[in-house]
Amino acid sequence: MRKELCALWLASGATLFVPALAHAEDEPKPYPECTKAPNESETAAAKGAYQAGNASFDEADYPRAITYWEDAYRRDCTANLLLKNLARAYELYGQKRQAVVALETFLVREPNSGDREQIQRRIEVLKKQIAAEKPTPTPPAGTGAQPPPPTGTQPPPPPPVTNEPAHDDAHPGKRPIAPLIVAGSGGVIFLVGLVMYGSASKDVNHYESICPNRSCPRTVPPPAPDPEQQKNIDAAESARKRLVTGGVVTGLGAATAAGGLIWYFLSPRSGATTTATLAHPRVDPAVTPGFAGVSLSGAF
């Protein structure tokens, strides 16, 4: 529901702003200082606005793309790559002075950028174009003089729009360690159950050889009690109970280890969106009395 409200808000905001952008070049405005890192909800909203801006840019709807990308950068001012995208959109929409502001802000906030020299040359070309496009004074009527055409070399094409996420880390992040702890605990339980099962199985085979068909021979004629026979019967019964217990413990350990591994490999990495979808299901541990494993959830 929140996603739908967010999408409606963005769409209505874009509709309100587009008429304001679709006119002659406006006075450029500086970008406010970036004084705080975004929280998780702001980062998610910025990524949504970024993707919407990409779609609008691909459709050549530059005012709408500008609206979405400005909104994304307002929410996450650490995603400085958006400034390059905004500069390209502003330039194509005829707002070259704002494009210069975006590129200069990018150089200030990313002083070690690998394409710094290329961006500086692009700023110089844009400034020359802005100077050449300044209106020429109209000659007095009747003189027949015509303003000279603007001169200058054809500027090189600007670099393509950066199609990188608004705020992705250089590394994909790490998965949580809790699933590995669960899997390791399951492995230990499995080994303990296996040892218990093997020892009990050996004892059961031993007493079955002594007491075929579960009938232990008597060493003392009736009616006198036979302590040795009762001892064998009790020991055989104990071995059989340990055999069952070992099997249950072994199965529980195997299920826990498998559940932990499944949980680990299906868990999102740190920094990734955790919304459950059919393509990326969400996996959580499920532990209740008598059951241990994982639960799988997803949504359209």
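The numbers here are math on the coordinates, done by the rules we state, and not lab data. Since we're looking at a predicted model, the values are computed, not measured. Backbone-built Cβ (ideal geometry, glycine too); neighbour counts: all protein chains shown.
Rounded, prolate or oblate: pick one for region 67-139, where a ≥ b ≥ c are the square roots of the eigenvalues of its C-alpha gyration tensor, a/c under 1.5 means rounded, and failing that, prolate if a/b is larger than b/c, else oblate.
oblate
In nm, to one decimal, how far is the modelled label at residue 201 from the one at residue 233, with both set 7 Å along Cα→Cβ?
Spacing of the two 7 Å Cα→Cβ label points: 2.8 nm.
Straight-line reach from residue 174: which lysines have Cα under 30 Å away, leaving out those fewer than 8 places along the same chain?
Correct list for residue 174: 3, 36, 47, 84.
Just subtract the alpha-carbon distance of residue 244 and residue 29 from 0.36 nm times their residue separation and send over the number in nm, one decimal.
In short, 69.7 nm is gained.
Between residue 180 and residue 36, with labels modelled 7 Å along Cα→Cβ, what's the label distance in nm to one decimal, could you check?
For the pair residue 180/residue 36, the computed spacing is 3.5 nm.
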